[in-house]
Amino acid sequence: MLRNLFLSGRNLLFYASGIIGVVLRANAAETEDAAVAPTNQPAMSVAVHAKVEGSFMPYRYAFITTGSAKYTFLVPDRYRVDSSDPTNVKLISPDCSCFIAVGIGSSSAIGGAKTAESLRAYVTDHYSDVQFLGDQVVCANGQCVPGVDFNWKADMDITRTTRTAFFPTANGTLEFTLTTSPEKFQMGLNELNLVMLTFRTGVNGRFDYVIGSNQP
């Protein structure tokens, strides 16, 4: 039973320019990786349900299928779910100030299990004008891995704050990333923690998910 999950979002133009900067850098990295990375990565399909049998959680569930792998987590209240990209699912706050992505990690970009040092090197390669704020230990699905917080410059010289971490699963590695305006970072962490605390991998080809009780 999951209890006491408290949820806590600026300008659409600022958000869009920051995200476009991420996309442009990601596309460049994917072009460089294409020669060495496999191209048959299964697409990620996403279904969102407000009601799940046996559960009384006051949130929507995201059910993700990637090949034979199945993942679930709770979606923060009022966040929009964007599944248009076959490699990740994006959760976007109502005011577009917080952006959470859960995605399939590229094998060439990951380079095996991440240490704090290799994670910082990955961030330096994929973001502009990075200023590291500190290393973290983040946990999901019964395991803990290194995470890192950092500021960086998006297009139009806009400062964004991000936390990223890579989680190995039996079917591959998933990247969890939160990107916000700096003043909304702590609020965004509440929503990221909801996603990570409720993240589950499937068992025997079936979805596993957190169950909420209707008892006080």
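I'd like to verify a number: residues in the range 77-88 that are in contact with a strand residue (DSSP E or B) (Cβ under 6 Å, 6 or more places away or on another chain) and closer than 20 Å to Lys51 by Cα, how many?
5
Filter the range 110-152 down to the residues that are surrounded by 17 or more Cβ atoms within 10 Å (Cβ to Cβ), among the hydroxyl-bearing types (Ser, Thr, Tyr) and in contact with a Phe, Trp or Tyr (Cβ under 7 Å, 6 or more places away or on another chain) and list them by number.
If the condition is that a residue be surrounded by 17 or more Cβ atoms within 10 Å (Cβ to Cβ), among the hydroxyl-bearing types (Ser, Thr, Tyr) and in contact with a Phe, Trp or Tyr (Cβ under 7 Å, 6 or more places away or on another chain), then Tyr127 is the only one that fits.
Mind checking whether some residue in the range 76-93 is over 30 Å from Pro58 (Cβ atoms) and basic (Lys, Arg)?
no
Exactly one condition in (1) assigned to a loop (DSSP other than H, G, I, E, B); (2) modelled with pLDDT of 95 or more; (3) touching a helix residue (DSSP H, G or I) at 6+ places or on another chain (Cβ under 9 Å) is not met by Ile100; state its number.
(1)
The values are calculated or read from the model by the stated rules, or taken from the named source; none is laboratory data. Just so it is clear, the structure is predicted and the values come from calculations on it, not from any experiment. FYI the Cβ positions are ideal-geometry reconstructions off the backbone, even for glycines, and counts take in every protein chain you see.
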